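S.K.: Supplied in C-alpha cells, the structure appears directly below.
Derivation of every value follows stated rules applied to the coordinates shown; laboratory data play no part. Keep in mind it's a predicted model, so treat the numbers as computed, not measured. Using ideal geometry, Cβ is built from the backbone for each residue, glycine included, and neighbour counts are taken over all protein chains shown.
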Amino acid sequence: MKEFTITDQTGRLDQVLSVVFPEYSRSVIKKMLTSNDILVNEQGAKPRYQVKAGDHVRLTEPKPQKLDLVAENISLDIIYEDDDVLVVNKPAGMVVHPAAGHPDHTLVNALLYHCPLSQINGKLRPGIVHRIDRDTSGLLMVAKNDQAHRSLSQQLKNKTTSRYYLALVHGNLKENRGTIDAPLGRSPKDRKKQAVVANGRKAVTHFEVLRRYQAYTLIKCQLETGRTHQIRVHLKYIGHPVAGDPVYGPKKTLAGKGQYLHAAELGFTHPITGDRLDFKAALPDYFKNILSYLDKDITN
C-alpha cells in the first residue's frame, strides 16, 4: 500500500498520479481507479477529478502478474559471493528480471540456477535489491535470503551504499564537477520515457569529469537517489546525453551494444557481519575499445 498527500500538484487525478507513481502507466492507474484500488480521501474517484491541496491518496498495489520463472544455466560474472549476498557484474544487453516482453534469459533466471534467493520481492524479482537498465553493464548486489534483503534495502533507503557509474557523454562539459538536482517522473509526452517534471520524485546525481575528447566527455557519476533511468535522463537534461543511448540520446551517436554507461563501483555494509564491502568492475571490452579510439583525438 502506498499513501500520498497532494501538495502543489494540479490537474487531472490520473495525470498527477502517473507522475507521483511513475511505475504505473496512466492506463493502469485508470483501471485501479475504476476498481477502487486507488482512493482519494477514502472514497472512489474518477480519472478526471481535479486534485487539490490536502487530498489524501491511498493506492493498494495490484498483485504482480504470475510468471513461471525457470532456472537457466547462463554464465555469470560473479565478483563476490557468500551465504548471504552475491555481487555480479551484469553484461550490457541482459535484462535484470522477467517482465512483459522479457519472460526469460534474464539475470534472475541465471541466478535461480546458481543459488537460492530472497523472496521479499515475490516470484517476479527474487533476490533483486536494485536494478540497472538492460543496456547498462556493471555491478549489482543480490540478496540470497530475506534478512540480507531487508538490510540491503534499508541501506539503499538510508543512502549508506555507494554506487558509481562511468558514462561517456556527448559534448564537452564546462564544469569539472557538479550536481544535477532535478525531479523525475513519467514523461507527459511519451509514457514509456522518464523526464524531468515539476511534480516528480526527488532525484540527485553528482558527476565529475575524468577525460575530455573532441566531441565527448568521460565522466564519473555518483547516485544519491536511484530513480528509473536517472543518470540517462539527468544527463540529457543538462544537454549531454549518454553516448549510444537509443532512447534519450541523439540519432547520430556512437555505435555499440547500447548506452556507454557502466556501474563501475559498488559498496555496502555486509548485512550479517557488519563489514564494509567495496567492489569495482572493469569496463567491458566494447567500452574500452571506443575510449581507445577516442584517445587518438583527445584534446587534453
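S.K.: For a 20 Å ceiling on Cα separation, which of these pairs sit above it: LYS2/LYS30; LYS2/LYS144; LYS46/LYS193; LYS90/LYS280; LYS46/LYS189?
M.R.: Beyond 20 Å between Cα atoms: LYS2/LYS144; LYS46/LYS193; LYS46/LYS189.
S.K.: Something else about it: Can you tell me the length gained on complete extension of the stretch SER162 to LYS46, counting 0.36 nm per residue apart and subtracting the Cα distance?
M.R.: 37.5 nm
S.K.: Could you list HIS149, HIS229, HIS56 in order of exposure, starting from the residue whose Cβ has the fewest other Cβ atoms within 10 Å?
M.R.: By the 10 Å Cβ count, ascending: HIS56, HIS229, HIS149.
S.K.: Can you work out the FRET efficiency for the pair SER25 and ALA53, with r the C-beta to C-beta distance and R0 = 41 Å, to the nearest 0.05?
M.R.: So, using R0 = 41 Å, E works out to roughly 0.95.
S.K.: Sticking with this structure for a sec: Roughly how big is region 2-59's charge dipole about its Cα centre, with Cβ charges of +1 (Lys, Arg) and -1 (Asp, Glu), in debye to the nearest 20?
M.R.: Value, rounded to 20: 260 debye.
S.K.: Please give the net charge around HIS149, taking every other residue with its beta carbon less than 12 angstrom from that of HIS149, where Lys and Arg add +1 and Asp and Glu add -1.
M.R.: Taking every other residue near HIS149 into account, the sum is +1.
S.K.: Next question, about the same structure. Using a Förster distance of 25 angstrom, determine the FRET efficiency expected from the C-beta separation of ASP104 and ILE79, and round it to 0.05.
M.R.: Given R0 = 25 Å and the Cβ-Cβ separation, E is 0.55.
S.K.: Then there's this: Taking 7 Å along the Cα-to-C-beta vector as the label spot, tell me the GLU61-THR5 distance in nanometres, rounded to one decimal.
M.R.: Placing both labels 7 Å beyond Cα along the Cβ direction yields 2.3 nm.
S.K.: Give the aspartates and glutamates whose C-alpha is closer than 18 Å to that of LYS52, dropping any in the same chain fewer than 8 places away, or say none.
M.R.: Straight-line reach from LYS52, under 18 Å: GLU3, ASP8, ASP14, GLU42.
S.K.: Is the C-alpha gyration tensor of the chain telling us rounded, prolate or oblate? Criteria: a/c under 1.5 is rounded; beyond that, a/b larger than b/c is prolate, otherwise oblate.
M.R.: It comes out oblate by the Cα gyration axes.
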